[in-house]
Amino acid sequence: MILTVTPNPALDHTLRLDEPLRSGVVHRTDAAQFDAGGKGINVSQYLRALGESTLATGFLGNPFGSVLRRQLAADGVAADFVDIDDGTRLNTTVLTPDGEYKINHDGPTVGEGATESLLETIRRHDPDTVVVAGSLPPGVDADAVDRIAAADSWEVAVDVGGDVLRSLSGEYALCKPNREELAAATGERLDAVEDCAAAAEALRARGFDRVVASLGADGAVMATADGTLYAPALETDVVDTVGAGDALLSGVLAALARGESDAVALGYGVAVAARVTAVAGTTLPGFGDVSAAAESVTVSEY
Ligand code: TA6
C-alpha cells in the first residue's frame with residue numbers, strides 16, 4: 001500500500017477565460033471547477049485510478065478541509081487526515097488564451113504535536129511506501145519530513161520544494177523534482193536536458209536512490225545507481241499542466257510497486273502524465289490504455 005502525505009492540501013479552483021487577463025477588468029466565466037488538491041492527494045487519486053492500493057493523509061482544516069473530505073469520499077479515495085485548527089487553503093489556476101496563471105496560498109499554520117499525530121496515523125495504516133508531496137505549510141519543516149523517513153521501515157518518496165530537498169538529510173527511495181526544484185536543490189542553472197540529467201545524478205548522490213526529474217515538454221529523466229534514463233514527453237493536446245508532475249510520480253511508483261524495471265517505470269510515468277495534461281485541472285482522465293501508450297515511450301540511457 002502506498003500512503004501519501006500532503007502536509008499542505010488545497011482546494012484547487014480552476015477557471016477558464018476566453019480572453020487574456022487585464023487589470024481593472026471584471027472578467028466573467030461559467031467555466032470553473034473545484035478539485036481536492038495538493039500533490040499527495042493528487043498522487044493518491046491517480047494511484048487509485050491506476051489500480052494501486054493507496055490512502056491519503058496529511059493536515060486538514062475547515063471550511064475547505066470538509067470539502068476535500070467529501071470529494072475524496074465521493075471519489076472512493078481512502079483517507080485518514082489529521083485535523084488542524086487553521087483552514088486548508090484555496091489554490092487558483094486561471095486558464096486564458098495567452099497562458100496559465102497559478103496562485104498557490106502558503107497554507108495554514110500547523111501547530112506543535114501535529115507531526116506526531118501524523119506519524120501515529122501513518123503507523124496505524126502500516127504502508128509499504130510513504131509519499132510526502134507538496135509544499136510544507138508554516139510550522140512544518142524539512143526535519144519533519146526526515147522524521148517521517150526515519151520513523152519505520154517504510155520506503156519514502158518525496159516531491160517537495162527545492163529548498164526543502166536541499167535541507168533533507170535522511171535516506172529516500174525516490175524524489176521527484178521539476179526543473180525549477182532541481183535547480184534550487186543543486187544551485188545549478190538548468191536549461192538543457194543534459195544539464196538536468198547531470199543535476200539529477202548529483203542530487204541522487206545526496207541520499208536518494210532514484211531522482212525522477214519532470215521536465216514538461218522535454219519529458220523526464222531518472223537518475224539511478226545503474227545510470228541515468230531519459231524519456232521524451234508523449235505527444236498530446238495539452239489543456240493544462242496542473243497535476244502533470246504528480247501523475248508522472250504516480251505512474252513511476254505504480255510500476256515500481258508492480259516490480260517493473262526503472263526504464264518501464266519511467267515510460268509508464270510519462271504516459272500517465274500525458275493523460276493528465278489532456279484534461280483540465282486534476283480531473284481524472286481515462287487510464288484504460290495507458291499501458292499501451294507507455295510501450296510507445298522510447299526510454300534510453302542518457
Ligand atoms: O501539482 C498540482 C498541485 O498539487 C495542485 O493540486 C495545486 O494545489 C498545487 O500543485 C499544490 O502545490 P504546492 O507546491 O503549493 O503544495
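The values are calculated or read from the model by the stated rules, or taken from the named source; none is laboratory data. If you're wondering where the values come from, they're calculated on a predicted model, not measured in any experiment. Neighbour counts are summed over all protein chains in view; Cβ atoms, including those assigned to glycine, are modelled from backbone coordinates with ideal geometry.
Which is within 16 Å of the ligand (Cβ to nearest atom) and either assigned to a helix (DSSP H, G or I) or closer than 14 Å to residue 93 by Cβ (or both), of 15, 21?
Criteria check complete, one pass: 15.
Return the residues of segment 241-258 that are in contact (Cβ under 8 Å) with a residue 12 or more places away in the chain, surrounded by fewer than 23 Cβ atoms within 10 Å (Cβ to Cβ) and in a loop (DSSP other than H, G, I, E, B); say none if nothing qualifies.
The answer is 241, and nothing else.
Got at least one residue in segment 65-76 being within 14 Å of the ligand (Cβ to nearest atom), within 28 Å of residue 288 (Cβ to Cβ) and of a type in the set (A, V, I, L, M)?
Taking every residue of segment 65-76 in turn, at least one turns out to be within 14 Å of the ligand (Cβ to nearest atom), within 28 Å of residue 288 (Cβ to Cβ) and of a type in the set (A, V, I, L, M).
Residue 139 versus (1) more than 15 Å from the ligand (Cβ to nearest atom); (2) modelled with pLDDT under 95: which is the lone unmet condition?
Unmet for residue 139, out of (1) more than 15 Å from the ligand (Cβ to nearest atom); (2) modelled with pLDDT under 95: (1).
Which one of these does residue 279 not meet: (1) more than 16 Å from the ligand (Cβ to nearest atom); (2) out of contact with any helix residue (DSSP H, G or I) (no Cβ under 8 Å at 6 or more places or on another chain)?
(1)
Checking residue 209 against (1) in a strand (DSSP E or B); (2) surrounded by 18 or more Cβ atoms within 10 Å (Cβ to Cβ): exactly one of these is not met. Which one?
(2)
Take residue 182 and tell me if it is farther than 21 Å from residue 276 by Cα and touching a Leu at 6+ places or on another chain (Cβ under 8 Å).
yes
Picking from 190, 119, 136, 182, which residue would you name as being more than 23 Å from residue 254 (Cβ to Cβ) and in contact with a Cys (Cβ under 8 Å, 6 or more places away or on another chain)?
Exactly one residue qualifies, and that residue is 190.
Filtering segment 119-140 down to residues that are over 11 Å from residue 57 (Cβ atoms) and of a type in the set (Val, Ile, Thr), which residue is surrounded by the most Cβ atoms within 10 Å (Cβ to Cβ)?
140
Residues are listed down the side, and each one gets a yes or a no for (1) part of a loop (DSSP other than H, G, I, E, B); (2) away from the ligand (no atom under 12 Å from the Cβ); (3) modelled with pLDDT of 95 or more:
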{"residue": "112", "(1), (2), (3)": "yes, yes, no"}
{"residue": "119", "(1), (2), (3)": "no, yes, yes"}
{"residue": "127", "(1), (2), (3)": "yes, yes, yes"}
{"residue": "135", "(1), (2), (3)": "yes, no, yes"}
{"residue": "144", "(1), (2), (3)": "no, yes, yes"}
{"residue": "152", "(1), (2), (3)": "yes, yes, yes"}
{"residue": "170", "(1), (2), (3)": "yes, yes, no"}
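Of the residues in segment 216-237, how many are over 12 Å from residue 268 (Cα atoms) and among the aliphatic types (A, V, I, L, M)?
Looking only at that region, the number is 6.
Can you find a residue in segment 223-240 that is more than 21 Å from residue 50 (Cα to Cα), away from the ligand (no atom under 15 Å from the Cβ), outside any loop (DSSP other than H, G, I, E, B) and free of Cβ contacts under 8 Å to residues at least 60 places away in the same chain?
There is at least one residue in segment 223-240 that is more than 21 Å from residue 50 (Cα to Cα), away from the ligand (no atom under 15 Å from the Cβ), outside any loop (DSSP other than H, G, I, E, B) and free of Cβ contacts under 8 Å to residues at least 60 places away in the same chain.
Identify the residue in segment 24-54 that is part of a strand (DSSP E or B) and more than 15 Å from residue 157 (Cβ to Cβ) and, among all such residues, is farthest from the ligand (Cβ to nearest atom).
Among those that are part of a strand (DSSP E or B) and more than 15 Å from residue 157 (Cβ to Cβ), it is 32.
Would you pick out the residues in segment 1-11 that are within 16 Å of the ligand (Cβ to nearest atom) and either hydrophobic (A, V, I, L, M, F, W, C) or over 14 Å from the mean Cα position of the chain (by Cα) (or both)?
If the condition is that a residue be within 16 Å of the ligand (Cβ to nearest atom) and either hydrophobic (A, V, I, L, M, F, W, C) or over 14 Å from the mean Cα position of the chain (by Cα) (or both), then 5, 10, 11 are the ones that fit.
Would you please list the contacts, defined by Cβ atoms under 6 Å and residues six or more apart or on different chains, that run from a residue in segment 1-19 that is closer than 20 Å to residue 161 by Cβ and in contact (Cβ under 8 Å) with a residue 60 or more places away in the chain to a residue that is basic (Lys, Arg) and within 14 Å of the ligand (Cβ to nearest atom)?
What qualifies is 10/89.
Could you grab the pairs with beta carbons closer than 6 Å, sequence gap of 6+ or different chains, first residue in segment 274-288 and outside any loop (DSSP other than H, G, I, E, B), second one within 12 Å of the ligand (Cβ to nearest atom)?
Final answer for the pair search is 276/243; 276/244; 276/247; 277/241; 277/244.
All but one of (1) away from the ligand (no atom under 14 Å from the Cβ); (2) in a helix (DSSP H, G or I) hold for residue 181; which doesn't?
(1)
Could you list, ordered by first residue, the pairs with Cβ atoms under 8 Å in which the first is in segment 206-218 and closer than 19 Å to residue 254 by Cβ and modelled with pLDDT of 95 or more and the second is acidic (Asp, Glu) and not in a loop (DSSP other than H, G, I, E, B), at least 6 apart or interchain?
210/262; 211/201
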